[in-house]
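Worksheet: the structure to be examined is printed underneath.
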Amino acid sequence: MVIREADIERDYDGVWEIFLDVIAGGDAFSFVPDTPKSELKRLWFADNMDTFVAVDNSGKIVGSYYVKPNQPGLGSHIANAGYMVHPNEKGKGIGTLLCKDSIDFARKKGYLGMQFNIVVSTNEPAVKLWKSFGFSIIGTIPQAFRHQKLGLVDAYIMYKSL
């Protein structure tokens with residue numbers, strides 16, 4: 001598997017396939033399940049984002065992440081990131097590889113920390129993975145996420161110094 005910088009022309013459809021499948025569950029991202037394909041550029045390939053894809057040996061995109069400043073201007077030294085793994089590829093360590101790669105990239109880019117603003121508390125695999133990389137829960141937002149099956153659930157703010 002190779003993780004490389006995404007090319008919007010070449011990778012848009014492959015990332016869209018993952019994006020669509022992941023948001024359909026309504027259990028991990030705040031994007032509404034019927035987000036139109038035209039929004040992907042703004043949500044995953046925006047000018048302020050560095051977007052990457054994980055490509056398997058057959059050339060299929062199996063995961064993607066972005067890194068961007070968490071805030072503009074005086075808050076831009078803290079990174080924010082988002083990760084998606086194709087649902088058929090879960091449990092193969094792709095999320096771990098994406099997280100490691102994103103932390104390495106953020107350090108090289110000069111970010112001093114990384115913050116996740118809304119980690120759904122019921123997304124236990126993600127919380128466990130982020131903790132394994134040294135992220136801490138620095139806050140809980142009560143009933144911050146409208147989980148499609150569980151209703152209102154808490155969300156965490158997680159942070160790691162780089």
(Q) At a threshold of 8 angstrom on Cα-Cα distance, excluding pairs fewer than six apart, so keeping six or more, what relative contact order does the chain reach in percent? (A) 20
Q: Write down the percent of antiparallel bridges among all DSSP beta bridges whose residues are both part of segment 2-161, to the nearest 5.
A: 95
Q. If we count other beta carbons within 10 Å of each Cβ, what is the order of Met49, Met84, Met1, fewest first?
A. Met1, Met49, Met84
Q) For Rg and Dmax of the Cα atoms in Å, which listed value, (i) 29.1, 121; (ii) 24.5, 95; (iii) 15.0, 43, comes from the coordinates shown? A) (iii)
Q: Place a +1 charge on the Cβ of each Lys and Arg in the chain and a -1 charge on the Cβ of each Asp and Glu, then give the dipole magnitude about the Cα centre in debye, rounded to the nearest 20.
A: 480
Q: Return the FRET efficiency for the residue pair Arg10, Ile118: r is the Cβ-Cβ distance, R0 is 30 Å, and the value is rounded to the nearest 0.05.
A: 0.50
Q.
Run the numbers for Ser58 and Leu20: contour at 0.36 nm per residue of separation, minus the present Cα-Cα distance, in nm.
A. 11.6 nm
Q.
Could you tell me how far the Cα centroid of segment 1-68 sits from the Cα centroid of segment 115-162, in Å?
A. 20
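No value in this document is a laboratory result; all are computed from the given coordinates. Everything numeric here is computed off the predicted structure, so don't read it as measured data. Quick reminder, even Gly has a Cβ in these numbers, built from the backbone with ideal geometry, and neighbours come from all protein chains shown.
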